[in-house]
Amino acid sequence: MPQLNRKLTLYGLTMIAIGSCIGSGIFVTPAKIAQEVPNATLILIVWTLGGIIALTGALTFAELGGMFPKAGGVYVFLKEAYGELVAFLYGWVTLLVITSGALAALGLAFAEYMTFFIDLGDNGKIILAMLTIILLTGINIFGVDISQLFSNIFTGLKLAAMMAIVVAGFLFYNAEKIPLSFSLTSNSPDNLMSAMLAALIGVLWSFGGWHHASYLAGETIDPKRNVPRAMVYGAIIVTVVYILINLAYMMLLPVGTIAGTERVAGDAVSTLIPSGGKLVAVMIAISIFGTISIYTMSAPRIYFAMARDGVFFKGLAKIHPKFKTPANAMMLQSGWAICLLFFWGTFHNLITYVTFMDIVFMTMAAISIFIFRRNRKDVERPYKTFAYPIVPLLFILISAAFVVNTLIERPKQALAGLGLLAIGILVYFIFKHMNQSSSKNAETLNH
C-alpha cells in the first residue's frame, strides 16, 4: 500500500503554519474591527488578545502534536480523547463548514482583489474563485514537496510585503496630519465586553490556521519535534506581524477612515503612492492565493485519516500511487468549497459561520490536554505545555466566551453550524453501519 512521503522540514512546516493564518483576514477585517471598537488602543488590545489566544492554543497543541504525530492532527487529538464520534464530527464540519467555507471565502476575496485589474461581475467573481481552487488543488496533488516549495515562496512574499507596509507606516507617520491617540476614553463603545468579543470574530478569522501544521504530521520529518515547534513559531511570528501592521494602518489612516473602508491596506499605501491601491491588490492576491494553496493541501489529511478509520468514504483513504498524496480527499474538499461559492452569502456571514464551528472544536481539543495528563501520564511528551495549566485554561476560557457570545449575537450562523453537526451524527452511524456490514461480508467470503 502506498504511504505518505515524509518530506516537510521544520522551516517548511512553519511557513505552512504562518501561511495558513495570513490570507485575506488581516487586509479585509480591520474595518469591521474598527467599527466595533473605534479606538486605537482597543484595536491593538483586541489584536493582541487574538495573538494571546493563538499562542496559548499553539503552546497547548504543541504538547498534543508531540504525543500524536499522525496525519490528521486535531482529528487525532479528539479521537484519542473523546472517541470516534467526536473526531468524525470535527472532520465532518471541517469538510462542510470550516476549511471548505474558508476556501470559499478566500476564493471570493481573491476574486474581489482581482477586480482592480479585471472587470468582473458577481458571476465572474464566482467563476474566478472556482478556477483558482481547482488549479491549486491540481498543483498540490503533484506531491508534498511541490506544496512545500509553493508555500515557502508565497508565504515569504506575503511576509516581505507586509513588513514593507510596516516600515512605510513608521517612516512616513505624520503626527500633525493623523494625531494617534491611545486614550481609552475616546470613542469607546458602551458595551465594551460585547464589542470586544464581536471584534474577535474578524481577529480569530485572521489568526486561524496555525494548527494546520498538525494535519501534516504524517508527512513531516521528525514530527514529534517539528510539529510542536512549527505551531508555536508560526503563532508568535503572525502575532508580531499583525500588531505591527495594524499600528502601521493607524499611522497612515485615521481610525474613522479605517472603519469605513473594505480595502484598508490599499488605502493606507495610497496615501504614500498614487498607485498604492493596485500595488497592494497584487500583494493581497498573492497572499490569498498562497493560503488557498495551503488549505487545499492540509485539511484533506483529516478526511484521509477518517477514511482509514473506517468512518468515511473508503476511496478517501487511497494515496495516489505516483505522487503519494491523498488526491481523492483533496478533490472532495475542493468540490464542496465550489458548491459553497454558489449558495452562501456575504464574506462576513461566511467568516462567522466558519470561525464559530472552528473554535468549538479547538476548545474541545484544548480540554483534551487535561484528559491526557490524567489518563495517560506515562505517554512520551517530547514537548510539555509552558505554564501548565494556566496557558491551556486561558485558551479555553477566552475561546468559550467567544462561542457563547457568537451564539447570542450571531445566532443564525451559529445555529446553521450546529444543524450541520446534528446531521453529522446521523451520517457517522450510517458510515459505521456500512463499514461493519462490509467487514462481516468480507469475513463470510473468507470462510
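The values are calculated or read from the model by the stated rules, or taken from the named source; none is laboratory data. Everything quoted here is computed from the prediction, not taken from an experiment. Here Cβ is always computed from backbone atoms with ideal geometry, including for glycine, and neighbour counts include all displayed protein chains.
Taking TRP210 as meeting all but one of (1) in a helix (DSSP H, G or I); (2) touching a helix residue (DSSP H, G or I) at 6+ places or on another chain (Cβ under 6 Å); (3) of a type in the set (A, V, I, L, M, F, W, C); (4) within 28 Å of THR406 (Cβ to Cβ), write down the number of the exception.
(1)
Please find, within segment 117-163, the residue that is farthest from the chain's Cα centre (by Cα) out of those that are among the aromatic types (Phe, Trp, Tyr) and not in a helix (DSSP H, G or I). Can you show your working first?
Start the filter on segment 117-163 by keeping residues that are among the aromatic types (Phe, Trp, Tyr), which leaves 117, 142, 150, 154.
Within this subset, residues satisfying the condition of being not in a helix (DSSP H, G or I) are 117, 142.
Numbers: PHE117: 27, PHE142: 23 Å.
Across segment 117-163, the extreme among qualifying residues is PHE117.
Give segment 33-51 a look and list any residue that's of a type outside the set (A, V, I, L, M) and either under 17 Å from the mean Cα position of the chain (by Cα) or surrounded by fewer than 20 Cβ atoms within 10 Å (Cβ to Cβ) (or both), or say none. Break it down stepwise before answering.
As a first pass, look at segment 33-51 and keep what is of a type outside the set (A, V, I, L, M): 35-36, 38-39, 41, 47-48, 50-51.
Those that are of a type outside the set (A, V, I, L, M) and either under 17 Å from the mean Cα position of the chain (by Cα) or surrounded by fewer than 20 Cβ atoms within 10 Å (Cβ to Cβ) (or both): GLN35, PRO38, THR41, TRP47, THR48, GLY50, GLY51.
Can you list residue pairs whose Cβ atoms sit under 6 Å apart, with the first residue in segment 146-168 being within 28 Å of LYS7 (Cα to Cα) and the second being modelled with pLDDT under 90 and of a type in the set (S, T, N, Q)? Count only pairs 6 or more apart in sequence or on different chains.
LYS158/SER287
Could you list, in sequence order, all residues of segment 69-87 that are surrounded by 24 or more Cβ atoms within 10 Å (Cβ to Cβ) and either under 19 Å from the mean Cα position of the chain (by Cα) or not in a helix (DSSP H, G or I) (or both)? Before you say what the answer is, go through the steps one by one.
Start the filter on segment 69-87 by keeping residues that are surrounded by 24 or more Cβ atoms within 10 Å (Cβ to Cβ), which leaves 72-79, 87.
Hits for segment 69-87 are GLY72, GLY73, VAL74, TYR75, VAL76, PHE77, LEU78, ALA87.
So PRO38 ticks every box in (1) over 26 Å from LEU180 (Cβ atoms); (2) assigned to a loop (DSSP other than H, G, I, E, B) but one. Which box is left unticked?
So the condition that PRO38 fails would be (1).
Limited to segment 164-181, what total is found for residues that are farther than 14 Å from TYR249 by Cβ and either in contact with an Asp or Glu (Cβ under 7 Å, 6 or more places away or on another chain) or modelled with pLDDT of 75 or more (or both)? Show your work before the answer.
Here is the first cut: in segment 164-181, the residues farther than 14 Å from TYR249 by Cβ are 171, 174-177, 179, 181.
Then keep just the ones that are either in contact with an Asp or Glu (Cβ under 7 Å, 6 or more places away or on another chain) or modelled with pLDDT of 75 or more (or both); that gives 171, 174-177, 179.
Residues flagged as farther than 14 Å from TYR249 by Cβ and either in contact with an Asp or Glu (Cβ under 7 Å, 6 or more places away or on another chain) or modelled with pLDDT of 75 or more (or both) within segment 164-181 amount to 6.
Condition first: part of a helix (DSSP H, G or I), of a type in the set (A, V, I, L, M, F, W, C), at pLDDT below 85 and farther than 23 Å from GLY209 by Cβ. Can you find one or more residues in segment 344-361 that meet it? Even if it seems obvious, please write down each step before you answer.
Of the residues in segment 344-361, the ones part of a helix (DSSP H, G or I) are 347-361.
Restricting the remaining residues to those that are of a type in the set (A, V, I, L, M, F, W, C) gives 347, 350-351, 354, 356-357, 359-361.
Pick out the ones that are also at pLDDT below 85 and you get 347, 350-351, 354, 356-357, 359.
From what is left, the residues that are farther than 23 Å from GLY209 by Cβ are none.
Scanning segment 344-361 turns up no residue that is part of a helix (DSSP H, G or I), of a type in the set (A, V, I, L, M, F, W, C), at pLDDT below 85 and farther than 23 Å from GLY209 by Cβ.
List the helices (runs of 4 or more DSSP H) that sit entirely inside segment 241-313 and contain at least 1 residues that are surrounded by fewer than 22 Cβ atoms within 10 Å (Cβ to Cβ) and of a type in the set (D, E, K, R). Reasoning before the result, please.
On the way: elements: 255-259, 264-270, 276-298, 300-308.
Hits in segment 241-313: 264-270, 276-298, 300-308.
Just the residues that are farther than 17 Å from VAL76 by Cα and among the hydrophobic types (A, V, I, L, M, F, W, C), please, taken from segment 307-328.
Matches in segment 307-328: PHE313, ILE319, PHE323, ALA327.
Condition first: assigned to a helix (DSSP H, G or I) and β-branched (Val, Ile, Thr). Can you find one or more residues in segment 109-116 that meet it?
No: segment 109-116 contains no residue that is assigned to a helix (DSSP H, G or I) and β-branched (Val, Ile, Thr).
What are the residue pairs meeting all of these: first residue in segment 312-326, first residue under 17 Å from VAL144 (Cβ atoms), second residue aliphatic (A, V, I, L, M) and surrounded by fewer than 18 Cβ atoms within 10 Å (Cβ to Cβ), Cβ atoms under 6 Å, and 6 or more apart or on different chains?
none
The conditions are (1) under 23 Å from GLU84 (Cα atoms); (2) modelled with pLDDT of 90 or more; (3) part of a loop (DSSP other than H, G, I, E, B), and GLU380 fails exactly one of them. Which is it?
Unmet for GLU380, out of (1) under 23 Å from GLU84 (Cα atoms); (2) modelled with pLDDT of 90 or more; (3) part of a loop (DSSP other than H, G, I, E, B): (2).
Which count do you get for residues in segment 1-40 that are modelled with pLDDT of 90 or more and of a type in the set (Ser, Thr, Tyr)?
Total meeting the criteria: 4.
Residues ALA235, ALA230: which one is farther than 18 Å from TRP47 by Cα, part of a helix (DSSP H, G or I) and modelled with pLDDT of 90 or more?
Details: ALA235 fails: farther than 18 Å from TRP47 by Cα.
Of the residues listed, the single one that is farther than 18 Å from TRP47 by Cα, part of a helix (DSSP H, G or I) and modelled with pLDDT of 90 or more is ALA230.
Provide a single number: the residues in segment 182-207 that are touching a Gly at 6+ places or on another chain (Cβ under 6 Å) and either at pLDDT below 80 or more than 18 Å from GLU409 (Cβ to Cβ) (or both).
Residues meeting the conditions: 3.
Picking from GLY209, GLY202, which residue would you name as being touching a Phe, Trp or Tyr at 6+ places or on another chain (Cβ under 9 Å), under 30 Å from PHE395 (Cα atoms) and not polar (S, T, N, Q)?
Numbers: GLY202 fails: touching a Phe, Trp or Tyr at 6+ places or on another chain (Cβ under 9 Å).
Sole residue among the options that is touching a Phe, Trp or Tyr at 6+ places or on another chain (Cβ under 9 Å), under 30 Å from PHE395 (Cα atoms) and not polar (S, T, N, Q): GLY209.
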